[in-house]
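What follows is one structure encoded as C-alpha cells, with my remarks underneath.
The values are calculated or read from the model by the stated rules, or taken from the named source; none is laboratory data. If you're wondering where the values come from, they're calculated on a predicted model, not measured in any experiment. Every residue, glycine among them, receives a Cβ derived from its backbone with ideal geometry; neighbour counts consider all protein chains shown. We work out accessible area using only protein heavy atoms, side chains counted, and drop any ligands, DNA or RNA first. Shrake-Rupley method; radii C 1.70, N 1.55, O 1.52, S 1.80 Å.
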Amino acid sequence: MLLRASDAGFAAINDRILVLRFHPNGAIPMTAIVAYTPTEAADVGPAKDAFYEQLHDALTHTPAHHYILVMGDFNATTTAASSTTHPSVGRHACPTSHSPSSPFPPNSPLAAFRHKPSINDNGHRLLDLCSAHSLSITHSFFPNPPARAYTWYNRNRKDCNILDYILVRSSHLSSVHDAAPSPPYSSTSTSTL
C-alpha cells in the first residue's frame, strides 16, 4: 500500500519498507523511508528484485517537492565507487586508512579490524537507485574518522564495512551538515545508524 501525495501518516509497504509522510506547518513536506535490504546471502534474483522494485515505487510516488530521507540497512558496500565515477558518492566514501591493513590507529581497540574497499551486488543496486532518483549517499560527503564511519563489524573475521546509509535528494544535500553512524563500535551491536 502506498500513501497518496496529500496523505500524512505511514504505510508499511512490506516487512522491509516503511514510508512515513509529514506535512509540518510552514516547512517543506517530508517523506521518510526506512528500509532493510535482503542480505548478500539472500537469493540474488527474485527477493532483491522485488525489494528494489517496491522501494523504487515508493520513491516514484513521492511528490517532487517533498524532502526525501531514505534510511536503512542496505547490506550494500559501495566504498569502491568514487565521486569521479558516480555522482551520488562523495569523496569521503571510504575513510582514510592509517595503514594498508587497518583503517584504525595502531593503539585503537579496533586496530585488529580490516576494511577491504569493494562493491557488492546490493551496492550496485543502491547506486542504480540513487541514480534513478537523484539521491546522494550523505556520509560520503563528510570526512569522518574510521571509528565513526563503519556500521558493521565481524568479530570473528575482524572485518568492518559500511552497510547502513542515509540518502537524500541531491538537490537537498546542502541541508545536511554531517552524517555518520552513531554510536561508534559497541560490543553488543554489529550495525548502528
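Protection proxy ranking for 132-143, 21-32, using the average of other Cβ atoms within 10 Å per residue and placing the highest first: 132-143, 21-32. Between residue 41 and residue 60, the contour length at 0.36 nm per residue exceeds the Cα-Cα span by 4.1 nm. Accessible area per residue for region 127-172, computed on protein heavy atoms with a 1.4 Å probe, is 38 Å².
For region 23-65, the solvent-accessible area works out to 53 Å² per residue, with a probe of 1.4 Å and every protein chain left in place.
Once the C-beta distance of residue 159 and residue 15 is scaled by a Förster radius of 35 Å, the resulting FRET efficiency is 0.80 to the nearest 0.05.
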